[in-house]
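First comes the structure, then the notes that go with it.
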Amino acid sequence: MTLQEFFHMGGYAVYVWSSYAIALVVLVANVVAPILQRRKLFVQLARRQRRERRES
Amino acid sequence: MTGTGAIFCLEASGLGCVRDDRSLFEDLSFRLSSGQVLLLEGRNGSGKTSLLRLLCGMRQPDAGEIRWDGEDIFGLGPDYHTHIAYVGHKDGVKHDLTAFENLKLARGLAAPNLDTSIEDALRQVELWGFDDVAARNLSAGQQRRLALARLLVTRANLWILDEPFTSLDSRGIAIVETLFSNHVAHGGMLAVTSHHQVQLGDAETIRIDLSS
Amino acid sequence: MLRFFHQLGSPKHFYRIAGRWIPWLAAACAALMLIGLYQGMVVAPPDYQQGDSYRIMFIHVPSAWMSLFIYIVMAVAGAIGLIWHMKLAEVIAISSAPIGASFTFLALVTGSIWGKPMWGAWWVWDARLTSELILLFLYLGVMALYSAVEDKRTAARATAILAIVGVVNIPIIHYSVEWWNTLHQGPTVTKFGAPSIDLRMLIPLLVMAVAFKLFYATVVLMRARVEVLQRERNAQWVRELVDIS
Amino acid sequence: MNTPSLSRAFALLLWRDLLLAYRRRTEMINPLLFFVLVTTLFPLGIGADPALLRQVAPGIIWVAALLAAMLSLDSVFRSDFEDGSLEQFLISAQPLSILVLAKVVAHWLITGLPLLIVAPLLGLLLDLPAASISTLLVTLALGTPVLSMIGAIGVALTVGLHRGGVILSLLVLPLYIPVLIFAANAVESAGAGLPIVAHLSLLTALLVLSTSLSPLATAAALKISLS
């Protein structure tokens, strides 16, 4: 099972690897989304709390 | 108007309400029993309407409990609703139906008040003669009085009213105030929000100011 | 035990506990996924009929399972949130919807790609793929409803109702699509399932299925934490958290 | 204290909705016109070959009926929500699911049943054989109430939203698929002389299931939308 054969996937390389590529994208997107959301929320809350501290 | 002399009691303990994650009020408690009036005051947006909707059982309180005769109103459901009548900002009047039909419907959906006919109710709000007029053709004040006439055709002990005097002229306000004082005099209960100074004679009034 | 649930019920504790679990879940998921992929892509023999194209199965089948599993979890969590007013259940239900939709989409895409070499068409009105497509619409309906309602507590409760109605309809829809498929598919009924399961193919499939479940657990906790922060943003513990971060 | 009778409230609400519809009876024609219009679009798109039309006619008519039913759903709660009557139902002495059932039955009588009047005409338009047309009527009679019942849940969920109509179709159409499959296929099988008892029994099962369960879901959805 050489590396070259592995990537060839018995001639179905296009289908197999495109499926796995899409799977990778979907899974990574699902992991990254909450992280970005959390960061955005923290920035928002921090700015709001600074503004409140300045007013009080 | 009940006149049956039965003593009922609405008790709220530790009520809290959050709207669009802004806390309108917290830890609000009061006891309202037969013959008493709960007067809610406070500037716009202080949660008066939300509190009334909590009392109607239309919305779950975010904190605390509301009991009717010791039982949680959400557990009672329709059994609690037989005791109350609600008139909100919207009149709840169908414009395509006549005044008579509107009251006939309201009577059928609630516990009917057998000793007040629809005609009596219309007479008390001075809408007799308009009974076969489609509600669409009534003035705003007349429609408001028609909505309030709904209270008379049902056997509700607790009237929950949100700004009942809006769009009423001075004559209308006088009529409605006599209805309220009769209701309270006969052992009924009233929970009302109003910017207008409500004259209810010597009825025992509990005032709650929500904007404090 | 009750104290644990009660403790978990409070958002602050949930935030902390979930925070501690996520790294472990993520590590376990990654490990299992690597093992599963290695076994599936390297160790497992090619299929006598489909050659190596069947290896798409190792992500298509688990994600199809997950799409249904997550919808059921969403409906159950929604029901718990509705009946016992547990804020946490609502948060879990809502956080699950996008993940479920992603798995459904993934199952659809990999399914049609897998179908291409076998039937020469990108889309086949196969019973399972059609059911999967309808399931995607159900997910999109849930997510659209949640974003349409302004007050997030009301939105969560409305979507819980929709999820419950959806979960009741899923078997009905699946049965009617199967029935429809046998009527129209006629003689060329192709068994779209995995080929005769050789043990060396089954093991990676199950390993990947478990890996996907761990993936779901990790990501749903991550999303739930952000949702909790969003809902509790006026609470004191969130303010402190924001200050120190 | 005589408890207010359930059937009286149900009959009263049914009477009210039918009366309201009667007073605006010109509006009752709209779903029918939509039904006919959509059905006539298909031959213009597919072509007028009778053999082809006859083959796809059951599907076309049922998809058109389904869309007509869905478009008329908005009227179930919309006017009551705007004038405040819906709030009165929530605090009425009757269980809300019974009132909802009355409203949905009224909605079906006003918008669903009339589709049966026009259906034979469309059957002729698409050259359906007689056996198919009679089956079409039976499936519409069994299917349109299910469309109203399930649709009411979607309407109750979106009644509070200012642009609820767009989302309504996304929520409701996937749930309509079983009805479409069983009904359209029944008409097709009838045309081919095949037995349709299986289709009709499944449609009846859907009818019983939706009539018993959907009012509960609709009532719960209304309470949430109006909270």
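No value in this document is a laboratory result; all are computed from the given coordinates. For clarity, every value in this text was computed on a predicted model and none was experimentally measured. All Cβ positions, even for glycine, are placed from backbone atoms using ideal geometry, and neighbour counts span all protein chains on display.
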Notebook entry, point to check: Running Debye on the protein assembly as shown with equal point scatterers at the Cα sites and no solvent, what base-10 log of I(q)/I(0) appears at q = 0.10, 0.11, 0.12 Å⁻¹?
Noted result: -1.10, -1.23, -1.33
Next item on the list: Would you pull out the residues with amide H under 5 Å of B:Trp128's amide H, same chain only if 5 or more places away, H placed 1.01 Å from N?
Entry: B:Arg123
Checklist line | Shielding by other protein chains, D:80-89, mean Cβ within 10 Å | finding: 6
Check: In nm, to one decimal, how far is the B:Ser170 label point from the C:Arg16 one, both placed 7 Å along Cα→Cβ?
Finding: 6.5 nm
Margin query: Check which residues have an amide H placed less than 5 Å from B:Cys9's amide H, if you skip close sequence neighbours.
Written below: B:Asp69
Note to self: Tell me the relative contact order for chain D as a rounded percent, counting alpha carbon contacts under 8 Å between residues six or more apart.
What the structure shows: 26 percent
Item checked: Unit charges at the beta carbon, dipole of chain A: most positive-side option, A:Thr2, A:Leu41, A:Val16 -> A:Leu41
Item checked: Debye intensity ratio in log₁₀ form over the Cα atoms of chain B, taken at each q of 0.12, 0.14 Å⁻¹ -> -0.60, -0.82
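Once you have the Kirkwood Rh of chain A from its Cα pairs, apply Stokes-Einstein at 25 °C and 0.890 mPa s and quote D in µm²/s. Before the final figure, lay out the partial values.
Working: Rh = 15.0 Å.
Approximately 164 µm²/s, per Stokes-Einstein.
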Check: Magnitude of the Cβ-charge dipole of the protein assembly as shown, K/R +1 and D/E -1, about the Cα centre, nearest 20 debye?
Finding: 1760 debye
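Between D:Arg23 and D:Ala130, take the C-beta separation as r, use R0 = 35 Å, and let me know the FRET efficiency to the nearest 0.05.
On the way: r = 38 Å, r/R0 = 1.08.
So the FRET efficiency works out to roughly 0.40.
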Next item on the list: Set the Förster radius R0 to 51 Å, insert the Cβ-Cβ distance between D:Leu44 and D:Leu209 as r into 1/(1 + (r/R0)^6), and round the FRET efficiency to 0.05.
Entry: 0.85
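With the Cα gyration tensor of chain C giving a ≥ b ≥ c as the square roots of its eigenvalues, does the rule (a/c under 1.5 for rounded; else a/b larger than b/c for prolate; else oblate) give rounded, prolate or oblate?
Numbers: a/c = 2.77, a/b = 1.59, b/c = 1.74.
Oblate, because a/c is 1.5 or more while a/b does not exceed b/c.
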Note to self: Angle check, please: helix B:170-185 long axis (alpha carbons) against the longest principal axis of chain B (alpha carbons), in degrees 0 to 90, nearest 10.
What the structure shows: 60 degrees
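If packing is taken as the average count of other Cβ atoms within 10 Å, what order do D:69-80, D:187-198, B:130-141 fall into, highest mean first? Intermediate results must be reported in sequence, preceding the final value.
Numbers: D:69-80: 21.9, D:187-198: 16.9, B:130-141: 15.2.
Ranking the peptides D:69-80, D:187-198, B:130-141 by packing returns D:69-80, D:187-198, B:130-141.
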Notebook entry, point to check: Along region D:17-29, what does the Karplus equation 6.51 cos²θ - 1.76 cosθ + 1.60 (θ = phi - 60°) give for ³J(HN,Hα), rounded to whole Hz, x for Gly and Pro?
Noted result: 5, 5, 5, 4, 5, 4, 6, 10, 5, 4, 6, 5, 6
Margin query: Within chain C, which whole H helices from DSSP have a Cα span along their axis of at least 27 Å and a mean Kyte-Doolittle hydropathy of 1.6 or more, if any?
Written below: C:57-84
Notebook entry, point to check: Using Cα atoms only, what is the angle between the long axis of helix A:13-55 and the major principal axis of chain A, expressed in degrees (0 to 90) to the nearest 10?
Noted result: 10 degrees
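Can you give the alpha-carbon Rg of region D:3-226 over 2.2 N^0.38 Å, where N counts its residues?
Working: Rg = 18.0 Å, N = 224, 2.2 N^0.38 = 17.2 Å.
Cα Rg divided by the expected 2.2 N^0.38 Å: 1.05.
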Check: When only C-alpha pairs under 8 Å and at least 6 residues apart count, what is the relative contact order of chain B, in percent?
Finding: 32 percent
Margin query: List the residues, sorted by chain then number, that are 5 or more residues from B:Gln36 or on another chain and whose placed amide H is less than 5 Å from its amide H.
Written below: B:Leu190
Next item on the list: Can you tell me the dipole magnitude for region D:3-226 around its Cα centre, using point charges on the Cβ only (Lys, Arg +1; Asp, Glu -1), in Debye to the nearest 20?
Entry: 340 debye
